[in-house]
1. I'd like to know how the stretch A:214-275 sits against the 2.2 N^0.38 Å rule of thumb: what's its Cα Rg over that expected value?
2. Where nothing but the Cβ of Lys and Arg (+1) and of Asp and Glu (-1) is charged, how large is the charge dipole of the stretch B:10-111 around its Cα centre, in debye to the nearest 20?
3. Using every alpha carbon pair in the stretch B:89-205, what percent of pairs falls into each 5 Å bin from 0 up to the bin containing the largest distance?
4. Can you quote the Å³ per residue value for the convex hull of the Cα atoms in the protein assembly as shown, rounded to an integer?
5. If you place +1 on the Cβ of every Lys and Arg, -1 on the Cβ of every Asp and Glu, and leave all else neutral, what size is the dipole of the stretch A:171-266 about its Cα centre, to the nearest 20 Debye?
6. Taking all pairs of different Cα atoms in the stretch B:139-194, averaging 1/r and flipping that mean, what Kirkwood radius in angstroms comes out?
7. Output the Kirkwood hydrodynamic radius of the stretch B:120-168, Cα pairs only, in Å rounded to one decimal.
8. How big is the dipole moment of the protein assembly as shown about its Cα centre under a simple scheme where the beta carbon of each Lys and Arg is +1, that of each Asp and Glu is -1, and everything else is neutral? Debye, nearest 20, please.
There are 2 protein chains.
Amino acid sequence: MAEAFKKRMADAISAKGPLCAGVDPSPKLLSLWGLADDAKGLAAFSSRCVEAFADVAAALKANVAFFERFGSAGITALEYFLGEARDAGVLVIADAKRGDISSTNAAYADAWLRDGPLASDALTVVPYLGIGGLAPFVDAAAESGRGVFVVIRSSNPEGRTVQSAIASSGDTLEAELLRELEDPRYRGCLGAVIGVTKDAEPIELPSSGFFLAPGLGAQGASTEDLTALFSNVPATSVLVNLSRSLLESGPDPSSLREAARHAASDLSGAFCPPS
Amino acid sequence: MAEAFKKRMADAISAKGPLCAGVDPSPKLLSLWGLADDAKGLAAFSSRCVEAFADVAAALKANVAFFERFGSAGITALEYFLGEARDAGVLVIADAKRGDISSTNAAYADAWLRDGPLASDALTVVPYLGIGGLAPFVDAAAESGRGVFVVIRSSNPEGRTVQSAIASSGDTLEAELLRELEDPRYRGCLGAVIGVTKDAEPIELPSSGFFLAPGLGAQGASTEDLTALFSNVPATSVLVNLSRSLLESGPDPSSLREAARHAASDLSGAFCPPS
């Protein structure tokens with residue numbers, strides 16, 4: 001059995017701090033970087049992200065939608081990026097928000113969490129069709145030391161209708177799903193996406209879990225919001241994503257790296273306040 | 001403005017009945033059909049589906065996960081299939097279950113609902129991050145007469161924890177989300193996936209909506225379950241999906257076509273009982 005993803009993630013955070021650098025080649029950012037809005041532009045963009053962020057960030061997170069825009073040519077660019085990230089020795093998360101019934105999830109797990117052109121260290125998934133149906137992702141992840149981040153609380157306000165609904169246990173849906181994630185079968189390979197928002201409702205996070213936290217920077221939450229939300233879990237169990245606020249300092253690689261270094265240092269301070 | 005997807009779907013159902021034929025090139029079915037479990041196998045499989053089903057089914061539904069298994073090569077096979085289906089004049093649904101925050105949904109909408117290599121007549125999406133964030137899908141769909149099916153009730157039992165949770169309105173989440181879909185801005189382009197299951201809880205469906213119904217055949221629900229669930233909506237507003245139960249009659253094209261013709265006739269009978 002491979003080392004569990006949770007441990008691999010904690011090692012990366014111990015070495016480089018909690019920053020997860022987003023790779024979001026949106027039309028707007030491609031233009032800002034002077035790149036064409038096509039598959040070649042994607043490849044150049046994501047290659048520069050590896051160069052700038054691999055040494056400074058614990059993980060890179062590719063927003064798959066921006067690659068999918070160009071169909072198979074875009075997916076080829078994504079495959080190229082995944083290879084470069086692997087070679088650079090940085091963890092890479094495919095932010096694809098997949099999720100379907102169990103038999104279909106087995107195919108998505110083959111795609112993203114087993115050896116192949118899209119193999120990633122971790123994948124984001126959504127639980128609208130239930131946690132039980134995610135078993136094929138868990139099986140694939142556990143075998144290879146890969147991880148799965150289940151979106152429990154998203155960073156956008158529109159998500160509250162669903163995520164704060166009341167489950168049959170009497171708890172909110174997000175609390176209920178978090179509890180389901182604590183099943184020992186999932187330990188070390190099934191983590192949670194917990195979005196950070198301004199003045200968010202508190203949420204009780206399992207201390208044995210691991211987390212991906214979007215919402216800072218361009219999305220409006222602050223490091224104080226972050227610290228409040230994750231005050232009860234170990235610092236090495238939280239990856240903090242920044243995308244636009246880093247990427248807008250491009251295209252110059254040294255400016256990108258400087259922005260990432262600065263962010264990583266701020267975030268490390270947020271989790272480990274000076275004594 | 002293009003003709004709304006709901007109207008295009010109703011026309012197809014009037015002409016050919018309510019059958020939506022699934023294109024699910026799973027490892028098991030590829031093997032049953034004597035095809036290799038690779039991108040070439042996918043292309044041969046899906047090409048045969050177009051040949052067998054285009055004249056008999058109102059729509060074809062490609063399960064994107066099975067194409068994604070092979071990365072860019074699989075997506076190339078999917079593009080090829082989409083082109084063949086377009087040429088054959090049959091509606092095609094990309095069953096991809098996409099869904100993220102609004103800015104990312106704009107990229108998925110570009111990929112699947114605007115002209116490009118993956119352009120499809122309709123796309124399935126999941127609402128875990130809220131209905132409001134789906135606006136970019138609606139914009140793209142409305143412009144081009146394409147459609148979006150939001151998964152409201154899935155056909156798997158594991159989905160109940162989420163889908164039957166209680167929203168702040170006091171209704172179940174699925175009832176609340178269905179109500180949100182009735183917004184006039186969404187009319188004609190935003191429909192719902194309503195899975196059919198044995199002994200399902202009743203659900204009040206908006207008579208102005210349009211629906212995709214999985215769950216029959218291999219998944220265990222009967223035509224009686226289907227008829228009971230959709231008794232209050234027009235017959236031309238429901239596409240009924242069958243995947244495995246059709247595809248297991250392959251690989252012979254005439255057997256596949258015969259199975260589809262038989263199913264289409266049964267389903268037409270279910271919605272329009274003889275007087």
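The values are calculated or read from the model by the stated rules, or taken from the named source; none is laboratory data. The structure displayed is predicted, hence computed values, not measured ones. All Cβ positions, glycine included, derive from the backbone under ideal geometry; neighbour counts span all protein chains shown. These area figures cover heavy atoms from the full protein model, side chains too; ligands, DNA and RNA do not enter into them. Shrake-Rupley method; radii C 1.70, N 1.55, O 1.52, S 1.80 Å.
1. On the way: Rg = 12.3 Å, N = 62, 2.2 N^0.38 = 10.6 Å.
This ratio for the stretch A:214-275 stands at 1.17.
2. On the way: 9 positive and 13 negative charges, 43 e Å.
It comes to approximately 200 debye.
3. 2, 11, 23, 24, 18, 13, 7, 2, 0
4. On the way: hull volume 74.3 nm³, N = 550.
Output value, Cα hull per residue: 135 Å³.
5. 420
6. Computed over the stretch B:139-194, the radius equals 12.2 Å.
7. On the way: mean 1/r = 0.0820 Å⁻¹.
About 12.2 Å, per the Kirkwood formula over Cα pairs.
8. Values: 46 positive and 68 negative charges, 68 e Å.
I would put it at about 320 debye.
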